[in-house]
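Below: one structure, written as C-alpha cells.
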Amino acid sequence: ADYNQLGFNLRSNIFQGGPLESRSLMKDSYTPDIIQKAIRDPRNWHGRRTDELGKWHQKNALNLNLQKALEDKYG
C-alpha cells in the first residue's frame with residue numbers, strides 16, 4: 001500500500017523538488033562588496049587544513065594495502 005501511494009505521489013508530481021532559485025543568508029545579510037572582499041583560504045577547510053586531510057587519506061590507503069597484503073600472505 002505504501003509503495004502504491006509513493007508511486008501515485010511521484011506520478012502526480014506532489015514532490016516537486018526544491019526551489020529553482022536558492023537564497024543565502026550571507027547574501028541577504030551583507031552588501032555585494034563585502035561578499036567580494038571575503039577571503040577564502042583554500043588550505044583551511046572547515047577548520048581543518050586540506051593537507052592534513054590528504055595526509056590522513058594517504059596513511060589510511062597505505063594501512064588498507066598493508067592489511068590486504070598481510071591477509072593474502074598469512075591468511
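Filter region 45-56 for residues that are part of a helix (DSSP H, G or I) and either open to solvent by 100 Å² or more (accessible area, probe 1.4 Å) or modelled with pLDDT under 80 (or both) and give the result.
Those that are part of a helix (DSSP H, G or I) and either open to solvent by 100 Å² or more (accessible area, probe 1.4 Å) or modelled with pLDDT under 80 (or both): 50, 51, 52, 53, 55, 56.
For residues in region 1-29 being of a type in the set (Gly, Ala, Ser) and modelled with pLDDT of 75 or more, which is surrounded by the fewest Cβ atoms within 10 Å (Cβ to Cβ)?
22
Got a sec? Which of 32, 42 is touching a Ser or Thr at 6+ places or on another chain (Cβ under 9 Å), at pLDDT below 85 and loosely packed, with under 10 Cβ neighbours inside 10 Å?
Answer to the selection: 42.
The values are calculated or read from the model by the stated rules, or taken from the named source; none is laboratory data. Since the structure is predicted, the reported quantities are computational estimates derived from the model, not experimental observations. Counting neighbours? That spans all protein chains shown, and the Cβs are built from the backbone with ideal geometry, glycine included. Accessible surface areas use protein heavy atoms only, side chains included; no ligands, DNA or RNA. Shrake-Rupley method; radii C 1.70, N 1.55, O 1.52, S 1.80 Å.
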